[in-house]
Each structure stands twice: as structure tokens, then as C-alpha cells.
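This report concerns only the one structure given below.
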Amino acid sequence: MRNSDFPASLAKDFERFKRELPRDFPAHVRDTYGINLSARYLGEPLPHPIGKGSGQLSLNTGQLETDAEAGLAFVVLKTVIAQDAAGAQSMAAWAIRESKMKVERRGDSWTVTWKGRGWDRSFDDYLALVSAGWDLRRGGQLLAVPSVKYHLPRLDEPFRDEEYAFTTRALANAWGQSPLLLEKDFSPTLAGDRLADEKAQILRWLREVPQRIRAHGDVRLAMKLMNARFDDDFQCEMMDAASGADALVVFNRLFDRERGVAYGGAELSERNLRVLDIRRPPPPSAALRRPLSGTGNIHSGRLIVEYALCGCSSVQLHTFFQLPLEEYPATEGSRTQRALQVLIFDPRNGLIAVMLERERAGTLHRRNGELHFLDLCDPPGN
Ligand SMILES: Cc1cc2nc3c(=O)[nH]c(=O)nc-3n(C[C@H](O)[C@H](O)[C@H](O)COP(=O)(O)O)c2cc1C
């Protein structure tokens, strides 16, 4: 794209927002560019599509407040390991403590190397975080959704319903209203575990987990699917098997069995987008497809658009909120603000620039004078 192809105001905004991003930048984008960034996650309307994926960046109230202040659309809290009333956790191996994270280059992208797994503090502490998240939501500041790893049995074993019952009810109580919005995590370390060696076992989990959870509360459920160690066709089978969920988060990081660590980077977004492209329904049925939230190596507005074109009405980033400060063009503000500034306003690869580029190419059209982010996922007339 030539410099003259984007409005001068975009270059100006990019420069001035390096010092301070306005919290209500979606209103500014609408007024200045006629672009409506409204998005959706788990049936909830969002001011824009960018949220934070579950992990080490959503462990305490301070982190949530900083994200609310920055104008992030939503946050998924760190995954807690389900337990029964006596505190027993069949997935206890996932509740290990490990604080050191290493942010490393992987080709042109980044990955975070980390050996930890789920929430490692008490379940009561987690409930307190859910309640604090609810307060921010009530104040209209931030949607903060809990995430759980529940018991997953072998094919010949029953589900441990006591863990599903206790954990779901406790989270529903801590959450302010019905329905409880919840993510169920099938993590990359699970993909690397012997538990996930058999396809039939994984498909059974995906089919049965939604009803196991719903038996204990009014839940709107997103299932975060792993990248299993099988081929793309199996990845599609997993999406079909998870039809009991209200939304899918697609797809968690890859697993390097030799090093015993999960990883991201370009390989992750390439695989995710390849599978989502296979799964993309032909236009007449597009409106019928299940809501998707994209995750994996999203580090530009251009990648947000690629996930949106595959049906993702929101995106969840983790690694991009963890880069060394000098990697962001912005010079002031929290990492979240600096990340949002470049994701939205970068004059070449930011969300505004790429939506305007599509308008010029005739692949995105104004409705009532506005370009709509959601039209990328679900073009009108379908
Ligand atoms: C250090 C770290 C911890 C994570 N912990 C969780 C977790 O507890 N639950 C979960 O569902 N995803 C977890 N994730 C996955 C992220 O939420 C995200 O989906 C994934 O890293 C892909 O996005 P990215 O390429 O932007 O990092 C974690 C990722 C990282 C890097």
C-alpha cells in the first residue's frame, strides 16, 4: 500500500496515540473513519474485538483494572482446576506452580516458553477474582470470564460429576447473574499428555463435557479447543463434536513433545487459519455457523482480519501483551494500551488500515455510511 492510500488522520492518530490512547477509542474510530468496531464474544456485545486470552496476565485484580483502564474489550481469567467439595482435583497435575516465563523470538513472531499450567492458588482466591471481575463488568468497564479445566476421564471411566457440580455451582454464585459465562479449557499440555493419545477419547470429551457442566447451572459455554497431535481433518472433527458449546475458542497453542512445552508463533496461526478455512461454511449457510473466538499468534490488525474472515467475531491474545516494551511503537502507557495502539492504528497493518484497504478493493462495503467489523465474519446478505 502506498502512503497516500490511507487518510492523513490515521498517520496523525498513530503518532499522537503513542503517548496516550483514549480509553474510548472505538467512539473515536467511528467518528473519524466511519468504522464500527463492534464485536461479540460468547453472545455478549463488545466495543471492539480485542480481548486477552486466559493465562498469566489475568491472575489478579490489579491486572484486570489495568486492562479495564486501557479499554480492552474482555479478559479470560487464568484457568482454574476443578475440584469437589472436599478439595480433591482429578486434574491436580495441571495445578503446578512455575513463575518464570521466557518471551522468545520464533521466526518473525514471538512465543512464550513456560512450564506452568493452571491456577496454583486456592479455589477461594479464584472465586474472589471472579467476583472482582464481576464488579468491573457491572461498572461497564470490562467483561472478565472464568476458565476451568474439569475432570477428563479415559474412555472406560465415568466423569467425576462431583467436581463438575461443586466447581460450576461455586462459580455461578461468584458470578453476578444468570447465565454464568464460562470457558472450558482443553490445553496444549493436555494434547501432549497420554490422556489425549486416542481420538475417540477426545471426541467423547467434546461431546459430553457441555452437558456435564450444564447439569449444574445455567451456563453459556465457550470451549477452547486444543491443537491435538493429529491432522487437520481431526481438528475439524473436534469442532463438529463440540456442537454442544455456545462458542468455540480456536485453537490453543501447539505442543512440542521433545521439549515438553507449548509454543506459538507463525506455525500456530498458519495451522489455525488453515483449519478454520476448511471449516468455513459456504456463503448461504454462514449465518448458521457457531460463534468463534480466534486465538494464536495475533500480532497485527491484519491477522485479526484474517481470523475474522474465518468467522471469528472476537480475538484473544496473550503473547502480544508480553513483548519487551521497546517492541511497541508507543512510548507511554501500559502494555495493554501500547498493544491496542498498534493493533488498531498502525497505518499499514492496523485494523483500521486493513478495513479501509478492503473497502478500496471492493470486498467490504459501507452500510448506513459505516464499515462494520462484524461484516468481515458474517457478510450481510448471507
Ligand atoms: C504463559 C501462558 C499461559 C497460558 N495459560 C493458559 C491457561 O491457563 N488457560 C488457557 O485456556 N490458555 C492459556 N494460554 C493460552 C493463551 O490464552 C492463548 O490462547 C495462546 O497463547 C495463543 O495466543 P498467543 O499466540 O497470542 O499467545 C496460555 C498462554 C501462555 C503463553
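No value in this document is a laboratory result; all are computed from the given coordinates. Not measured: the values here are computed from a predicted model. Here the Cβ is made from the backbone with ideal geometry for all residues, glycine too, and neighbour counts use every protein chain on show.
Across the range 1-107, Cα-Cα pairs more than 19 Å apart make up 65 percent of the total.
Computed from the C-beta positions of Asp218 and Asp108, the FRET efficiency with R₀ = 51 Å rounds to 0.70.
All other residues whose Cβ lies under 10 angstrom from that of Leu203 are scored, Lys and Arg at +1 and Asp and Glu at -1, for a net of -1. Compactness of the chain was expressed as the Cα radius of gyration divided by 2.2 N^0.38 Å, which yields 0.96.
Stokes-Einstein diffusion for the range 145-192, with the hydrodynamic radius set to the Kirkwood value over Cα pairs and evaluated at 20 °C in a medium of 1.002 mPa s, equals 176 µm²/s.
Given the range 129-252 reduced to its alpha-carbon atoms as identical point scatterers, what log10 I(q)/I(0) does the Debye formula return at q = 0.16, 0.23 Å⁻¹? Debye output, listed in q order: -0.77, -1.35. Distance between the pseudo-spin-label points of Phe234 and Asn173 (7 Å out from Cα toward the beta carbon): 4.0 nm. Loop only by DSSP, 15 or fewer other Cβ within 10 Å of the Cβ. Give me the GluC sites (Glu not before Pro) in the range 231-270 that pass, ordered by residue number. Here the sparse-neighbourhood loop sites are Glu258. Given 10 °C and 1.306 mPa s, how large is the Stokes-Einstein diffusion coefficient of the range 76-178 in µm²/s, with Rh as the Kirkwood radius over Cα pairs? Taking Rh from Cα pairs, D becomes 103 µm²/s. Take every pair of alpha-carbon atoms less than 8 Å apart whose residues are at least six positions apart; their mean separation over the length of the chain yields a relative contact order of 20 percent. Panel values: the range 235-382, Kirkwood radius from alpha carbon pairs, Stokes-Einstein at 4 °C and 1.567 mPa s, translational diffusion coefficient 78 µm²/s. Semi-axis lengths, largest first, of the ellipsoid equivalent to the range 167-229 are 26, 12, 9 Å, with √(5λ) applied to each eigenvalue of the Cα gyration tensor. Amide H contacts under 5 Å for Ser54: Val76, restricted to partners 5 or more places along the chain or on a different chain, H placed in the peptide plane at 1.01 Å from N.
A Förster radius of 22 Å combined with the Cβ-Cβ distance from His28 to Arg366 puts the calculated FRET efficiency at roughly 0.75.
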